[in-house]
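The values are calculated or read from the model by the stated rules, or taken from the named source; none is laboratory data. Values in this document were obtained by computation on a predicted structure and should not be read as measured data. A quick note on method: Cβ atoms are made from the backbone with ideal geometry, for glycine too, and the neighbour counts reach across all protein chains shown.
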Amino acid sequence: MSLFTIIIVVLTVWLAITIPLWVVAAHLRRVGPENNALTAIFCWFNWLYCKWIHHASYEGLELLPKTNNPGGLIVVSNHRSPIDPMLLQAMCPFKIRWMMAKDSMTSNLNWMWKLQKQIPVDRDGTDHSSLRISIRHVQSGGVLGVFPEGAISKPGGTIKPFFNGIGFIIAKSKAPVLLAWIDGTPLPIELGAALKTTSYSKVIVFDLIDFSNESDPVVITNQLRKRIAEVSGWPIDDDPLPPIRTIQVDPFSGLPVG
């Protein structure tokens, strides 16, 4: 076989592999979240995980924007498990950016935090930069995910107090709010254990609310909590959370685990 023939064969094989990959990557960039192929692949694997391991079922998906760039939007849900963000992301054609506790963002996973663009939250409440970042993100057309209970309650089945920051973010950003309720998630509150525990998780999307005419954060916060309590049928639990120093941090919400 001549050198010319070898070069032609190698080039043909290279093109046969490269062109389909390029076409797939271009498609993923066009239709995937954030028009990013890597993010689209990550979201696809997340969807498979939620379906296979947690048998995730969804209702109310007709309320979801059907585009991968829906404009400013805030996703609000109760918080039962560390896998809640994964369940919510799996149902969306767009990327949700989550808040996360700053002291849970370990350096060995910096690549993951950068990929997911988590918003660091300082748990002591003295640093308000996370609120400013969240508002700017939404106003620039991004989607923000928030668990306003701020904790994974044990044993669950109640609606804990909502932190007032959620009402402030909504009042300032003027973005619509997509409300969801999660149930049936695995019982462990530790991320590693929850990831390995099978479940029959259920997500119900039940409201898309426009708060653009409401400027009072307290009114917004109370209305959100009332609606989730109504849909879930769970009682409202007004007991305050334990002191931060005595409780574990939920790495996804950036707030204490009860």
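Restricting to the range 175-227, count the residues that are within 24 Å of Lys66 (Cβ to Cβ) and β-branched (Val, Ile, Thr).
Matching residues across the range 175-227 total 6.
Determine, yes or no, whether Lys117 is within 29 Å of Phe162 (Cα to Cα), loosely packed, with under 11 Cβ neighbours inside 10 Å and at pLDDT 80 or above. Walk me through it before giving the result.
Details: within 29 Å of Phe162 (Cα to Cα): yes; loosely packed, with under 11 Cβ neighbours inside 10 Å: no; at pLDDT 80 or above: yes.
No.
Looking at the structure I just gave you, is Leu15 part of a helix (DSSP H, G or I), aliphatic (A, V, I, L, M) and modelled with pLDDT of 60 or more?
On the way: part of a helix (DSSP H, G or I): yes; aliphatic (A, V, I, L, M): yes; modelled with pLDDT of 60 or more: no.
Judged against the criteria, Leu15 is not a match.
Listed here are the residues, each with its yes/no results for (1) farther than 25 Å from Gly167 by Cα; (2) within 11 Å of the chain's Cα centre (by Cα); (3) crowded, with 18+ Cβ neighbours inside 10 Å; (4) outside the structural domain of Ser199 (by TED's automatic domain parsing).
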site	(1), (2), (3), (4)
His55	yes, no, no, no
Tyr58	yes, no, no, no
Leu61	no, no, no, no
Thr67	yes, no, no, no
Gln89	no, yes, yes, no
Cys92	no, yes, yes, no
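Give me the helices (runs of 4 or more DSSP H) completely within the range 126-208, filtered to those with at least 3 residues that are more than 13 Å from Pro82 (Cα to Cα), ordered by residue number. Before the answer, list the steps.
Values: elements: 129-139, 165-173, 191-196.
In the range 126-208, the matching helices (runs of 4 or more DSSP H) lie at 129-139, 165-173.
So how many residues does the range 49-104 have that are in a loop (DSSP other than H, G, I, E, B), within 16 Å of Trp181 (Cα to Cα) and in contact with a Cys (Cβ under 9 Å, 6 or more places away or on another chain)?
5
Which condition does Leu208 not pass, out of (1) of a type outside the set (D, E, K, R); (2) touching a Leu at 6+ places or on another chain (Cβ under 6 Å); (3) within 12 Å of Val75 (Cα to Cα); (4) modelled with pLDDT under 90, if it passes all the others?
(4)
Only residues that are touching a residue at least 60 places away in the same chain (Cβ under 8 Å), out of contact with any Ser or Thr (no Cβ under 7 Å at 6 or more places or on another chain) and either of a type in the set (Lys, Arg) or more than 19 Å from Glu230 (Cβ to Cβ) (or both): list them for the range 162-173, please. Before the answer, list the steps.
Of all residues in the range 162-173, those touching a residue at least 60 places away in the same chain (Cβ under 8 Å) come to 162-163, 166, 169-170, 173.
This time we only want the ones that are out of contact with any Ser or Thr (no Cβ under 7 Å at 6 or more places or on another chain), so: 163, 170, 173.
Residues satisfying the conditions are Phe163, Ser173.
Are there any pairs with C-beta distances below 8 angstrom linking a residue in the range 174-201 that is under 30 Å from Gly141 (Cα atoms) and in the same structural domain as Ile220 (by TED's automatic domain parsing) to a residue that is in a strand (DSSP E or B) and among the small types (Gly, Ala, Ser), with the two at least 6 apart or on different chains, and if so which?
Leu179/Ser77; Ala180/Ser77; Trp181/Ser77; Ile182/Ser77; Ser201/Ser57
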